[in-house]
Amino acid sequence: MKAMVLNEYGEASEFRPAELDKPVAGAGQVLVRIAASSVNTVDTMIRQMGQENLPLSPDLPALLGMDFAGTVEAVGDGVSDFAPGDEVYGCAGGLIGLPGALAEYIAADARLIAHKPESLSMREAAAMPLVGITAHEGLVRAGTQAGQKVLVHGGAGGVGHLAVQLAKHMGAEVYTTITGDKQSKIVADYDATAIDFKTEEVADYVARHTDGAGFDVVFDTVGGANLSNSFAAAALNGNVSTTVSLVELDLTPIHFRGLSLHVVFMLIPMLHDHKRETHGAILARLAELVDSGAITPLLDEQRFELAQVGDAYARLTSGQAIGKVVVEITD
């Protein structure tokens, strides 16, 4: 089968075309002919950092790509929920021990996939899995409820745009940090209140939108140093979820505000074979929400084919993409 692989890691590494053996569906697996795969920030980190700095990276030559949408071609022993011809989507490869989706086929653990939303194209469905699962997990672990005030940092980003829509579906009053007119329009379409983080200080928007009380839930999809802003924006005894906690911070503000911090690392089921069925269940639920009109994936306007995967990675790392970057692989 055709694939694009990395023969080395690093900033200058390039994807190269390769002919690989077509995988076979083993017990509990589904063989999927891949139509599209989306690019996530963690994919670009793996490419740049490799196993030495990011141990979850695959062995070289590396077949990356976690997200995919496609059509089932065969099922292995013990698989009863899928059959040849089913259209599916999932996040099931691109890590150490799990060949990725930048190829024509993937043998995916059936617990990590679900039937794709009927209302979406393959390209649109491929944009959903990693960010959708992450958004869902972050909001649920923070105990998001109807009537709460929820702040999503980065509401026009990959995880953020789905978190905003999911929180709205849960009945929350949703606010989100953005910058620029394009991002402002995107979140306005989701019926969320936009906060331009470049022009307004945390204390000012907390005072303006919560009378100084703070937000019940803060979902930080930016993370890092921005976590300090999340702590400052949260209400007393509030909940903060983050997708990026690879940073040293003074946790004193958490103590004196009685905050609960939830670190969302959605790759755990894949890396450790831990409760993988929860991902399949979340994807099934997300498909229902998409088909009901409750949430819609946002895709970048630029399109890429498999041979252009390097350009797709460059597009995401440039910071110019608005929405998910997707690579189309087969018809």
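Taking the Cα atoms only, what angle lies between the long axis of helix 41-53 and the longest principal axis of the chain, rounded to 10 degrees?
70 degrees
With a sphere of radius 10 Å drawn around the Cβ of LEU298, what net charge do the other residues whose Cβ falls strictly inside it have (Lys, Arg +1; Asp, Glu -1)?
On the way: positive: LYS324; negative: GLU124, ASP189, ASP300.
Once positives and negatives cancel, what remains is -2.
Indicate, rounded to the nearest 5 percent, the antiparallel portion of the DSSP beta bridges found entirely in the chain.
For the chain, the DSSP antiparallel bridge percentage is about 55.
Please list, in chain and number order, the residues 5+ apart from PHE197 or on another chain whose amide H is under 5 Å from its amide H, with Hs placed from the backbone.
ILE178
Starting from 0.36 nm per residue, how many nanometres of slack lie between LEU236 and HIS169 once their C-alpha separation is accounted for? Each step should come with its number before you reach the end.
Details: separation 67, 0.36 × 67 = 24.12 nm, distance 2.43 nm.
Length gained between LEU236 and HIS169: 21.7 nm.
Quick one: net charge of ASP86's neighbours, Cβ under 14 Å, K/R +1, D/E -1?
Charge balance in the 14 Å sphere: -2.
Quick one: which of 85-95, 232-242 comes out on top by average Cβ neighbours within 10 Å, and what's the full order, highest first?
85-95, 232-242
Largest first, what is the accessible-area ranking of ARG257, ARG315 with a 1.4 Å probe?
From most accessible down to least: ARG257, ARG315.
What is the extension gain from ALA284 to ALA314, computed as 0.36 nm multiplied by their sequence separation minus the C-alpha to C-alpha distance, in nm to one decimal?
Going from the current span to full extension adds 7.7 nm.
Could you work out the relative contact order of the chain? I mean the mean sequence separation of Cα pairs under 8 Å and 6+ apart, divided by the number of residues, in percent. Please list the in-between numbers first.
Details: 793 pairs, mean separation 62.9, N = 331.
Once divided by the residue count of the chain, the mean separation gives 19 percent.
With a ≥ b ≥ c taken as the square roots of the eigenvalues of the C-alpha gyration tensor of the stretch 44-167, please select rounded if a/c is under 1.5 and otherwise prolate if a/b is larger than b/c or oblate if it is not? List each step's numbers first, then the result.
Numbers: a/c = 2.12, a/b = 1.25, b/c = 1.70.
The shape class here is oblate.
Enumerate the amide H contacts of ILE322 below 5 Å, restricted to partners 5 or more residues apart or on another chain; note that Pro and chain-start residues carry no placed amide H.
Residues meeting the amide H criterion: GLU301.
Taking the stretch 177-287 on its own, what percent of its Cα-Cα pair distances exceed 16 Å?
67 percent
As an exercise, use a Förster radius of 35 Å and the Cβ-Cβ distance of LEU249 and LYS275 to find the FRET efficiency, rounded to the nearest 0.05.
After rounding to 0.05, the efficiency reads 0.75.
Taking 0.36 nm per residue of sequence separation and subtracting the Cα-Cα distance, how much length would be gained by fully extending the chain between ARG257 and LYS22, in nm to one decimal?
Extra length available between ARG257 and LYS22 comes to 79.2 nm.
Using the crude model of +1 on Lys and Arg Cβ and -1 on Asp and Glu Cβ, and no other charge, please compute the dipole size for the chain relative to its Cα centre, in debye to 20.
400 debye
When the C-alpha atoms of the stretch 229-331 are aligned to their principal axes, what extent does each axis show, in angstrom, from largest down?
Here the Cα extents, ordered largest to smallest, are 55, 33, 32 Å.
What is the local net charge at VAL72, summed over the other residues whose Cβ is closer than 10 Å to its Cβ (Lys, Arg +1; Asp, Glu -1)?
Around VAL72, the surrounding residues sum to -2.
Near the amide H of PHE215, under 5 Å away, which other amide H atoms are found, from residues 5 or more places off or on another chain, if H is placed in the peptide plane?
Under 5 Å from the amide H of PHE215: ALA234, ALA235.
Take the Cα of LYS185, step 7 Å along the line toward its Cβ, and report every residue of the stretch 287-302 whose backbone nitrogen sits under 17 Å from that point.
298-302
What ³J(HN,Hα) values, in whole Hz, does the Karplus curve 6.51 cos²θ - 1.76 cosθ + 1.60 give for the stretch 252-259 when θ = phi - 60°, with x put for Gly and Pro?
3J(HN,Hα) across the stretch 252-259, in whole Hz: 3, x, 5, 4, 6, 9, x, 7.
Hey, what number do you get for the chain at 222 nm if only DSSP H runs of n ≥ 4 count, each worth -39500 (n - 2.57), divided across all residues, to the nearest 500? Could you put the intermediate results ahead of the total?
On the way: 11 runs with 104 residues, N = 331.
Result for the chain: -9000 deg cm²/dmol, rounded to the nearest 500.
Please check: in the Gaussian network model of the chain (C-alpha springs, under 10 Å), which one of THR317, THR252, THR41 has the largest mean-square fluctuation.
Comparing THR317, THR252, THR41 in a Gaussian network model of the chain, the most mobile one is THR252.
Can you tell me which of ALA207, ALA192, ALA12 moves the most in a GNM of the chain? Springs connect C-alpha atoms under 10 Å apart.
ALA12
The values are calculated or read from the model by the stated rules, or taken from the named source; none is laboratory data. Keep in mind that what you see is a predicted model, and the values were worked out from it rather than measured. Every residue, glycine as well, gets a Cβ built from its backbone with ideal geometry; the counts of neighbours run over all protein chains shown. These accessible areas exclude ligands, DNA and RNA; they are computed on the full protein's heavy atoms, side chains included. Shrake-Rupley method; radii C 1.70, N 1.55, O 1.52, S 1.80 Å.
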